[in-house]
Amino acid sequence: MYNVVLLAINAKYVHSALSVWVIAEGVAKYARLPHELSIVEATINQPLFEIVDDVAELNPDVIGISSYIWSAGKLPELLKQLRERLPEAVFVLGGPEASNNVSFWLEHGANYVLQGEGEYNFPQFLDALAEGQIIDLVIKANESQSCEPIDPYSDAYLDALNGRLSYIETSRGCPFQCSFCLSAGCDVRFFPLDAVKRLIRKLSRSNTKTVKFVDRTFNCNADRAYELFEYVIGLDTPCRFHFEVAADLFNERMLSLLEAAPPGRIQFEIGLQSFFEPALKASSRKMDIEKAERNIRSLIKLQNVHIHIDLIAGLPYETLPDFINSFDRAYSLNAHNLQLGFLKLLHGSVLREQAEVLGLQYSPEPPYEIICNPWLSSNDIKTLKQAENALQHTRNKQRFVSTLDYVLEATGERPFNLMRSLGDFAPNHGTQLENYIKQIYDFCAKLPGVEKNTLQNHMIYDWLSMVKGKNTPAFLKNDDPHREQVAEEAEKQLRRKIRREEYAVLHSGVGIFVDSNDNDPVTGLYKVHFCNDRRMI
């Protein structure tokens, strides 16, 4: 019997690991010999010595480590330090980073690399090791595995979850061929619906707040997706359910069902990647652009589903002007989150294999992000980074939404140009919100067409809607003599005492107040009321 530690290094504390718990259950279910197994979850922000100490104190014979792009940069040094503390231990790496870059990891501390589905081949490996069999350095999974999902949600898992984001898998593979993705060309295997529903129900009764489905294109089978959406909509739970979906695969029946979802129950992450057809074609990305756009607008119009859309900068043939057109078109959809991401040339992806031919230059270090290509210079990338910085710290955090809408309308500026200029004027690398709002005001107040009092009105409105328990910044305050009348009206409507930071008088003379006990479950913003129903800013 071996003493085994499975180690997962998460990107953030709020994330949990799925792979190590699935593998642990696989060992319990499929290993012929008994093995003592422990799980260690760490984060990339932890000092390495803490992770080493947590593993070493368990005195393992075998250490299995899941490898991903967010953890790969730390793993070589971590393996070195673990080897120094545990010179007799056997190190086994799995996950996309190791299985697609075998020679590197065998040279940097791994004794073995697993390829494929670890819940099947890891228990076989442990048994073979215990029996003294000769084992290949690369252990591959059998071609045909069960379609019955393993239940990783043991009492130990639920105890360790501690309110963090949880993950669930209801299928494997993807029917699409996107050349930037590791799932390209994998046949889809769907797990039985009854078994999937049992797992969903178990998580819905746990202390997690968000259940994220890791299926690559959840709605590739419309009837199956409909049944599972219907199931989570009908659950009695405060949990949110997050799905990665293709927008052009929705139909009217599905949209009608989603209209009945409790607000905030469902979140969709939609990979648009680009509106530029040559880039999509070069990436083998199949999408009905017009239908996707129509469906996203329909989903947002429902106002009960959180919508996150993705763009990827750096795809072949897309120039800076082309990408700006994609950005502005995506921005106009008014999704709750618009991620401006950058192409990553992942080990095992088709685009990485084609990189030299296409002239794609990328960082040799994880996450292998694009540096430049024949259509996008390094200066263009810098420009995109400026826009991405402003976008991430404003609209994507549901901050200054009203302000940005006003400024865009008043100036007639394109969304990308506004974001790039703001990112250049006020780069945010941990700026306190009280300081950042002043920088945004100073930037916007100088723009042609912007009226300062109206700008301040929108910023006051945004502050009340997005911040709880903090006074409005001094430069925005309007000490109007009617403030106390606003407080009286607010207390009458809310039927409680109101705090000073919860109400204000706009420069237009309109009183506003916020119900800081009532935030929108889709946007997270607090509800702002206008006195006497005068809805003017």
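Does ASN373 satisfy the condition of being buried (at least 18 other Cβ atoms within 10 Å of the Cβ), in contact (Cβ under 8 Å) with a residue 24 or more places away in the chain, more than 30 Å from PRO521 (Cα to Cα) and polar (S, T, N, Q)? First the steps, then the outcome.
Working: buried (at least 18 other Cβ atoms within 10 Å of the Cβ): yes; in contact (Cβ under 8 Å) with a residue 24 or more places away in the chain: yes; more than 30 Å from PRO521 (Cα to Cα): yes; polar (S, T, N, Q): yes.
So ASN373 passes the test.
For region 78-100, filtering for residues that are assigned to a loop (DSSP other than H, G, I, E, B) and out of contact with any Ser or Thr (no Cβ under 6 Å at 6 or more places or on another chain) leaves 5.
Residues that are touching a residue at least 24 places away in the same chain (Cβ under 8 Å) and hydrophobic (A, V, I, L, M, F, W, C) within region 419-432 comprise MET419, LEU422, ALA426, listed in sequence order. Scanning region 216-249 for residues that are aromatic (Phe, Trp, Tyr) and not in a strand (DSSP E or B) turns up PHE218, TYR226, PHE229, TYR231. Of the residues that make up region 131-143, is at least one in contact (Cβ under 8 Å) with a residue 12 or more places away in the chain, within 30 Å of GLY271 (Cα to Cα) and either out of contact with any Cys (no Cβ under 6 Å at 6 or more places or on another chain) or surrounded by 13 or more Cβ atoms within 10 Å (Cβ to Cβ) (or both)? Yes.
Flag: GLN354 matches the condition of being surrounded by fewer than 18 Cβ atoms within 10 Å (Cβ to Cβ) and either in contact (Cβ under 8 Å) with a residue 24 or more places away in the chain or over 30 Å from GLN115 (Cα atoms) (or both). Any chance you could count how many residues in region 512-537 are at pLDDT 95 or above and acidic (Asp, Glu)? Within region 512-537, residues that are at pLDDT 95 or above and acidic (Asp, Glu) number 1. Listed by first and then second residue, the pairs linking a residue in region 219-242 that is in the same structural domain as ARG172 (by TED's automatic domain parsing) and closer than 17 Å to ASN295 by Cβ to a residue that is assigned to a helix (DSSP H, G or I) and basic (Lys, Arg), with Cβ atoms under 8 Å apart and 6 or more places separating them unless they lie on different chains, are TYR226/ARG253. For region 16-30, a residue qualifies if it is surrounded by fewer than 19 Cβ atoms within 10 Å (Cβ to Cβ) and in contact with a strand residue (DSSP E or B) (Cβ under 9 Å, 6 or more places away or on another chain), and exactly one does: ALA28. Taking region 250-322 and the helices (runs of 4 or more DSSP H) fully enclosed by it, the elements with 3 or more residues that are out of contact with any Lys or Arg (no Cβ under 7 Å at 6 or more places or on another chain) and closer than 28 Å to SER349 by Cα are at 277-282, 289-302.
In the condition set (1) more than 19 Å from LEU37 (Cα to Cα); (2) among the aromatic types (Phe, Trp, Tyr); (3) assigned to a helix (DSSP H, G or I), TYR120 is compliant with all but (1).
PRO263 fulfils the conditions (1) in contact with a Phe, Trp or Tyr (Cβ under 8 Å, 6 or more places away or on another chain); (2) surrounded by fewer than 15 Cβ atoms within 10 Å (Cβ to Cβ); (3) of a type outside the set (D, E, K, R) except for a single criterion, (1).
For region 182-192, the criterion of being within 22 Å of ILE307 (Cβ to Cβ), of a type outside the set (S, T, N, Q) and within 23 Å of the chain's Cα centre (by Cα) is satisfied by no residue at all. Of everything in region 224-252 that's out of contact with any strand residue (DSSP E or B) (no Cβ under 6 Å at 6 or more places or on another chain) and of a type in the set (Asp, Glu), which residue is farthest from SER332 (Cα to Cα)? Here the answer is ASP236. For region 159-173, a residue qualifies if it is surrounded by fewer than 21 Cβ atoms within 10 Å (Cβ to Cβ) and either out of contact with any strand residue (DSSP E or B) (no Cβ under 9 Å at 6 or more places or on another chain) or among the polar types (S, T, N, Q) (or both), and the qualifying residues are ASP159, LEU161, ASN162, GLY163.
Yes or no: region 316-330 includes at least one residue that is among the aromatic types (Phe, Trp, Tyr), crowded, with 22+ Cβ neighbours inside 10 Å and closer than 30 Å to ILE233 by Cβ. No: zero hits.
Within region 442-467, residues that are in the same structural domain as SER516 (by TED's automatic domain parsing) have Cβ atoms under 6 Å from residues that are of a type in the set (Lys, Arg) and not in a helix (DSSP H, G or I) in these pairs: MET466/ARG399, counting only partners at least 6 apart in sequence or on another chain.
Taken over region 253-288, residues that are of a type in the set (Asp, Glu) and either touching a strand residue (DSSP E or B) at 6+ places or on another chain (Cβ under 8 Å) or touching a residue at least 60 places away in the same chain (Cβ under 8 Å) (or both) amount to 1. Selection within region 37-58: residues that are closer than 17 Å to ASP155 by Cβ and more than 21 Å from the chain's Cα centre (by Cα). The member of this set that is surrounded by the most Cβ atoms within 10 Å (Cβ to Cβ) is LEU37. The single condition among (1) touching an Asp or Glu at 6+ places or on another chain (Cβ under 9 Å); (2) assigned by TED's automatic domain parsing to the domain that holds ARG32; (3) touching a residue at least 24 places away in the same chain (Cβ under 8 Å); (4) not in a helix (DSSP H, G or I) that ALA110 does not meet is (1).
The values are calculated or read from the model by the stated rules, or taken from the named source; none is laboratory data. All of these numbers come straight from a predicted model, not from anything done at the bench. Ideal geometry is used to build each Cβ from the backbone, glycine not excepted, and the neighbour counts take in all protein chains shown.
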